[in-house]
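Q: Below: one structure in structure tokens.
The values are calculated or read from the model by the stated rules, or taken from the named source; none is laboratory data. Note that this is a predicted model, so its numbers are computed, not measured. A quick note on method: Cβ atoms are made from the backbone with ideal geometry, for glycine too, and the neighbour counts reach across all protein chains shown.
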Amino acid sequence: MSRYSFIRVLVLTTCAAVLLNQSAEAQQSRWFGSATCDVTTTAQGYSDTQTHRWHILPFPVGSRGASTYYPLIWTVTGQGSNSSDKWTYDGISFFQYLQFVVTATDPNSYHVAEGPQSCDTSGTHINGDGTDQICETQFAVGNSPIIVPKTATQIQQSETITIPPNTKVGYQEPANATHTASCTMNFQFGLVLLQPFPGPPKKPRRR
């Protein structure tokens, strides 16, 4: 089973379990949605592109006071090359979460950020032979969270992420490389409905 198929089964199974649980008690609104970041790294004789995606599983895994934590599935795909190697990315992690934190100094807002950075130790495939680690480029970190009112029912925005200096994103990235990273987020708060998971396009029928 491919990683895409596995994610599809996991998401549908989780959503079905949530809905079955809700049939026995009052339905509750939850956060759901996704985020995407496209990261490009370039240098002399070097190129690397990555697409990072995060999907919220719509059930909280914990809470502390008015703060809530939701699990995230992180995936990354892409490719790169230099003068000696070519590689592709196919990374995944189920050990990430999105936190909606309420602070004592700002009780009327959510400070939204990911947990510690996730990595896949075998998510980089080199020359079709051999693997290496790939880590996520986070769209919302703890020292720079997304801040929204507690009454918000949607987080929909696009932004450019600044990669910190001396941070290596791509495989075998040289020291003088430059990065560009653009991200989009679309999270919503409401009743969770079981929706068809996107699949491959259907071929038109012949007349």
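Q: Looking only at the stretch 183-191, decide whether some residue is part of a strand (DSSP E or B), surrounded by fewer than 16 Cβ atoms within 10 Å (Cβ to Cβ) and modelled with pLDDT under 95.
A: Yes, because at least one residue in the stretch 183-191 is part of a strand (DSSP E or B), surrounded by fewer than 16 Cβ atoms within 10 Å (Cβ to Cβ) and modelled with pLDDT under 95.
Q: Right, next: Of all residues in the stretch 58-79, count the ones that are outside any strand (DSSP E or B) and either without any contact (Cβ under 8 Å) to a residue 12 or more places away in the chain or surrounded by 21 or more Cβ atoms within 10 Å (Cβ to Cβ) (or both).
A: Count: 1.
Here is a yes/no grid of residues against (1) in contact with a Lys or Arg (Cβ under 9 Å, 6 or more places away or on another chain); (2) exposed (fewer than 14 other Cβ atoms within 10 Å of the Cβ):
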site: A35; (1), (2): yes, no
site: T88; (1), (2): no, no
site: V102; (1), (2): yes, no
site: T105; (1), (2): no, yes
site: G115; (1), (2): no, no
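Q: Condition first: of a type outside the set (F, W, Y), buried (at least 18 other Cβ atoms within 10 Å of the Cβ) and closer than 21 Å to P164 by Cα. Can you find one or more residues in the stretch 44-51 that meet it? Outline the logic, then answer.
A: First pass over the stretch 44-51, keeping only residues of a type outside the set (F, W, Y): 44-45, 47-51.
Imposing the further condition that a residue be buried (at least 18 other Cβ atoms within 10 Å of the Cβ) reduces the set to 48, 50.
Then keep just the ones that are closer than 21 Å to P164 by Cα; that gives 48, 50.
Checked against the condition, which is being of a type outside the set (F, W, Y), buried (at least 18 other Cβ atoms within 10 Å of the Cβ) and closer than 21 Å to P164 by Cα, the stretch 44-51 yields at least one hit.
Q: Output yes when any residue across the stretch 101-118 is under 15 Å from the mean Cα position of the chain (by Cα) and farther than 21 Å from V61 by Cα, and no when none is.
A: Scanning the stretch 101-118 turns up no residue that is under 15 Å from the mean Cα position of the chain (by Cα) and farther than 21 Å from V61 by Cα.
Q: What tally of residues in the stretch 1-57 results from selecting those that are in a loop (DSSP other than H, G, I, E, B), at pLDDT 95 or above and within 20 Å of Q188 (Cα to Cα)?
A: The total comes to 0.
Q: Which members of the stretch 162-179 meet the condition of being in contact with a strand residue (DSSP E or B) (Cβ under 8 Å, 6 or more places away or on another chain), surrounded by fewer than 18 Cβ atoms within 10 Å (Cβ to Cβ), under 30 Å from G33 (Cβ atoms) and not polar (S, T, N, Q)?
A: I163
Q: Take V61 and decide whether it is modelled with pLDDT under 95, touching a His at 6+ places or on another chain (Cβ under 8 Å) and of a type in the set (A, V, I, L, M, F, W, C).
A: Considered against the rule, which asks whether it is modelled with pLDDT under 95, touching a His at 6+ places or on another chain (Cβ under 8 Å) and of a type in the set (A, V, I, L, M, F, W, C), V61 comes out as no.
Q: Another question about this same structure. Would you mention how many residues in the stretch 154-182 are within 30 Å of N108 (Cβ to Cβ), part of a loop (DSSP other than H, G, I, E, B) and modelled with pLDDT of 95 or more?
A: 0
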